[in-house]
Structures are given as C-alpha cells and as structure tokens.
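I have placed the structure first, in the form of structure tokens, so that the comments after it can refer back to it.
The values are calculated or read from the model by the stated rules, or taken from the named source; none is laboratory data. Here the structure is a predicted model, which is why all the values come from computation and not from measurement. Here Cβ is always computed from backbone atoms with ideal geometry, including for glycine, and neighbour counts include all displayed protein chains.
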Amino acid sequence: RKEVEQDPGPFNVPEGATVAFNCTYSNSASQSFFWYRQDCRKEPKLLMSVYSSGNEDGRFTAQLNRASQYISLLIRDSKLSDSATYLCVSGGSGGYNKLIFGAGTRLAVHP
Amino acid sequence: EAQVTQNPRYLITVTGKKLTVTCSQNMNHEYMSWYRQDPGLGLRQIYYSMNVEVTDKGDVPEGYKVSRKEKRNFPLILESPSPNQTSLYFCASSLSLGGLSYEQYFGPGTRLTVT
C-alpha cells in the first residue's frame, strides 16, 4: 500500500464548478500535511499547509481527518487557471523533514 | 528573490558518462533534498541533507551520490548513468526546525535522458 494515495483522475469540470479531492495517508504519526500544485511537469508549488484540522484560503479549503487518516481539498468556483495536478503530501514524524508525496490528481477545468 | 536553481535544465547523455546536476538555494535553508519524478509514481526522494556535511539516503539512492560542502549547494552526481535514470529531477530546500515538516521550495527541474 502506498503511504499517500490519491485518485489520479482526471477530474473534468466546467468553469464555476466545485470540486473535491481526497487523499489518504498510512502513517498515523504524521504531523503536517500539504497540498502542492504542479503545472505540466514544472516544479511543485505549495498551495496550502494543513497543520491542524483544516485551512482555508480564498476558494480553496483543506480539511484533515486524523481519525480516518485522510485529507481533502475543496476548490470552489473553479477557474480555467486551476487546471493542474494537485499533489497531496504528508510530513514525516521522525523530525527530519521527510515529505511523502502522492502521485497527484489531475484537474482539467473547461469553459 | 528567494529561489532554488538547478543546472542544467535539460540534459541528454549516454550510458556510463559521469554527470553532475547542480542545485543552489539563497534562503539559508538547512534542509535540502533531491527527488525524481516518474509517471504514475509521484516524487520519490533520492538523498537529503540536514545541514553541511550531513547527508543521508532517501527511498531510491542507488546509482546516485551527493555532497554538501556548503550550505547553499547540494549537487547530485551520477557516476555511471543508466537508461533507468532517465527522469525529471527536482531539488528542494526548506527550514529544518524541530519535529515538524516544513514546506519545501523546489527548483525548476532537470529533465535527464540517458541513452
């Protein structure tokens, strides 16, 4: 079983739609979580950090469910520019900053 | 501007010809790491470094070497590249304080092809 699992998609949604991605992680000791965005084989860039139960930033909301060991990302009012791959990441618990990356969920927003 | 730089950005080479990919960061970060990204597998850690002269293996270290002689630089060395090392490589850096994991800043990537 992969340490961080994501549905690869693609999720094809129209502009203005609300879309949600889920991600599960296997290490119950993980303390920190992130969502990164990656465009077309460019470098991943941090979208949101999730250190407690959740985080909201404009149209983006991330939630953490420790009991079920999953993290979700909700995107409201999708824009064409949201088309990208979204990487779910869990932080290690060993104190040396290891990040475990999911393989990513691809989102395609169409007009 | 805070950034992580990598060179070269694209490289085509032949089996067995030693190569080095450079990585440099200007944020005074202690932690640096190398990843490779392959379709369907996500980012996998090759090596990481907690600070100068402190390096350790990640999940897929075979065939790679690293060094950390200065805080800002963390080169990746392929002594004898093979075709299965054809991949997209990213260098990343972050703070390293206590037990939490901090967001990592990535370089632009190096696309390596070994024929």
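Some points to look at:
- One residue stands out in the range A:14-62 among those that are among the small types (G, A, S) and either facing chain B (nearest Cβ under 9 Å) or in a strand (DSSP E or B) (or both): the one that is surrounded by the fewest Cβ atoms within 10 Å (Cβ to Cβ), namely A:A20.
- Scanning the range B:19-32 for residues that are of a type in the set (S, T, Y) and at pLDDT 95 or above turns up B:T20, B:T22, B:S24.
- Test: residue in the range B:75-84 that is within 23 Å of A:D39 (Cα to Cα) and buried (at least 16 other Cβ atoms within 10 Å of the Cβ): no
- Subset of the range B:28-60 that is small (G, A, S) and not in a loop (DSSP other than H, G, I, E, B) - its residue that is farthest from the other protein chains (Cβ to nearest Cβ): B:S49
- Any hit, the range A:72-84, residues being more than 14 Å from the chain's Cα centre (by Cα) and either at the interface with chain B (Cβ under 9 Å from one of its Cβ atoms) or over 21 Å from A:F11 (Cα atoms) (or both): no
- Filter result for the condition that a residue is within 14 Å of chain A (Cβ to nearest Cβ), in contact with a Ser or Thr (Cβ under 9 Å, 6 or more places away or on another chain) and buried (at least 18 other Cβ atoms within 10 Å of the Cβ), over B:Y89, B:Y10: B:Y89
- Contact map, the range B:100-115: residues that are within 20 Å of B:L78 (Cβ to Cβ) and surrounded by fewer than 19 Cβ atoms within 10 Å (Cβ to Cβ) paired with residues that are at pLDDT 95 or above and charged (D, E, K, R), Cβ distance under 6 Å, separation 6+ or inter-chain. Pairs shown: B:P108/A:E43.
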